[in-house]
1. Assuming a ≥ b ≥ c are the square roots of the Cα gyration tensor eigenvalues, decide whether segment 178-315 counts as rounded (a/c under 1.5), prolate (otherwise, with a/b larger than b/c) or oblate.
2. Determine ³J(HN,Hα), in whole Hz, for all residues of segment 479-494 in sequence, where each value follows from phi through the Karplus function 6.51 cos²θ - 1.76 cosθ + 1.60 and θ = phi - 60°; x replaces Gly and Pro.
3. Among ALA241, LEU77, HIS463, pick out the residue whose Cα is farthest towards the positive end of the charge dipole of the chain, where Lys and Arg carry +1 and Asp and Glu carry -1 on C-beta, about the Cα centre.
4. If one computes the Cα centroid of segment 286-304 and of segment 113-191, what distance in Å separates the two points?
5. Restricting to Cα pairs below 8 Å that are 6+ residues apart, what does the relative contact order work out to for the chain? Please round to a whole percent.
6. Relative to the first principal axis of the alpha-carbon coordinates of the chain, what is the inclination of helix 97-109, with its axis defined by its Cα atoms, in degrees from 0 to 90 and to the nearest 10?
7. Sort out for me the Cα centre separation of segment 28-67 from segment 309-374, rounded to whole Å.
8. In segment 2-230, with Lys and Arg counted as +1 and Asp and Glu as -1 at Cβ, which of these residues, LEU48, TRP213, PHE203, has the Cα nearest the positive end of the dipole, that is, farthest along it?
Amino acid sequence: MFIKNIIMSIKILAVEQIREADTYTINNEPIRSIDLMERAATKCAEWLTGKISGQKVRIFCGMGNNGGDGLALTRILQADFIQAEAYVVHSGTAFSEDCIQNLKKLEELLPEFIHHIKNENDIPEIDSNDIVVDAVFGSGLSKPVTGITASVIDRINSSNAITVSIDIPSGLFADSYTDPKKGSIIQADYTLTFQMPKLAFFFSQNERFTGEWIPLDIHLHPDFIEQVKTQNFLLTKQDIAPILKPRSRFSHKGIYGHALLIAGGKGKTGAAILASKAAIRSGLGLLTVHLPEEAVIPLQTSVPEAMISFDLSKDFFSRIPDLSMYNAIGIGPGLGQRPETAVALKLLIQEIKVPVVFDADALNILGDNKTWLSFLPAGCILTPHPKEFERLAGKSADEFERLKMQKEFSAKYNCFVVVKGAWSSISTPDGTVYFNPTGNPGMATGGSGDTLTGIILSLLAQHYTPLESLLAGVYIHGLAGDFAAEEKGYPSLIASDIVDCLSKAFKELGN
């Protein structure tokens, strides 16, 4: 994944803030706006040049600054002896100042490579071997694309040519939901986004539009980037590595905490085993697993390092053990949803005095008993997948709305929530959201979430704060999954592979 090479904290800015960053850079570098456009186009050309091997490059340009980028790109590629042609889409009544300047430059130097699209007859046929560059609309778009521009986008999408969008696919809104039924949207294979990603890039509903997105550093002024306020961040290795504490030569198991895992109802002992193995592999000193009797032998055989707390029931969780000796508690993997289990969970919520992570069936029980949410201990961690979150917080119309609901849920119940998936979103009680870059499609397999619970539980017991445990846990979990995918491939990856690669993930982070 390209994102692994980014080693600085990344802020996700709103469109208005991106404009402010441009203005601040122009005023304080200082640099003329036309020269900042040239810098952006040069970065795009550098990336494209390494991908072109004789194909014709068709660059579709709008009338605004995104179109200006495309016109400058045409000139730069032609200077590198790459066959590039510009197609100016007349979708409005006036060009932006910088766009018209770049159009005039190109007209003076290479007028034969400029084409104007004013009606559907002007739209060229596109060969599937061509490379198409989409520079029609930028991140400032606020209404669906219709008319002649929609016809251009539809022609591009139907061409099967490799398509590269500059900054953001034309037709896609950066900060809000885009309804594809109301307007056309470019379906890019690659998106060359300037400086930092847009919020829209982190939602599965937009993957077919953005393709693989690559951030290009156009050197927006670092003072602005440092001082600008945002609630949305992309986690990086440089955020996580400093969290992890080095071990003293005089370490002993008592320093690294004693965790209690409540898991493993009848027929689901594997969930308890996976969570237990992940906890122990993540630096935990001692682990006790509270289990029904039927699950004891499988777990002790598979995880001899774990101690056992026996439930009175043979088949399911029915009572809480003495909690006084534990530094952190994890509950949910393979738990089941029996009425007795729900009652025991309610009692546990009332008794908890230490950090806790709720997962799987514990979340499903809470979803069926929403009045209990108000009694969740402050600072607790919830790890739902999207459907589990829906049971907790209600249905959302789209993923932008779901993120808003996630932030509101964290604030209302003073808890930390990670909605698992690609670019897992982590919300905090103060409204901050972190997106996680690690992980891969191979981790969409049974038991993967159980291993995450074990990692987070282990870090909580080692006296990391809930936020540290969640950020590091999610990042490490995905990183271990990435190492596993390198060895096994996506289809063959299973949850046990994630556990097996935890040591590589910790070593990668210098621990």
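Bear in mind these aren't lab numbers, they're just calculated from the coordinates by the rules spelled out. These numbers were taken from a predicted model, which means no experiment stands behind them. All Cβ positions, even for glycine, are placed from backbone atoms using ideal geometry, and neighbour counts span all protein chains on display.
1. Details: a/c = 3.91, a/b = 1.81, b/c = 2.16.
Judged from the Cα gyration tensor, segment 178-315 comes out oblate (a/c at least 1.5, b/c at or above a/b).
2. Using θ = phi - 60°, the values come out as 5, 4, x, 5, 4, 5, 5, 4, 7, 9, x, 5, x, 8, 6, 10 Hz.
3. Highest projection toward the positive end goes to HIS463.
4. 56
5. On the way: 1103 pairs, mean separation 63.6, N = 511.
Relative contact order of the chain: 12 percent.
6. Relative to the chain, helix 97-109 is tipped by roughly 50 degrees.
7. Comparing the Cα centres of segment 28-67 and segment 309-374, I get a distance of 56 Å.
8. PHE203
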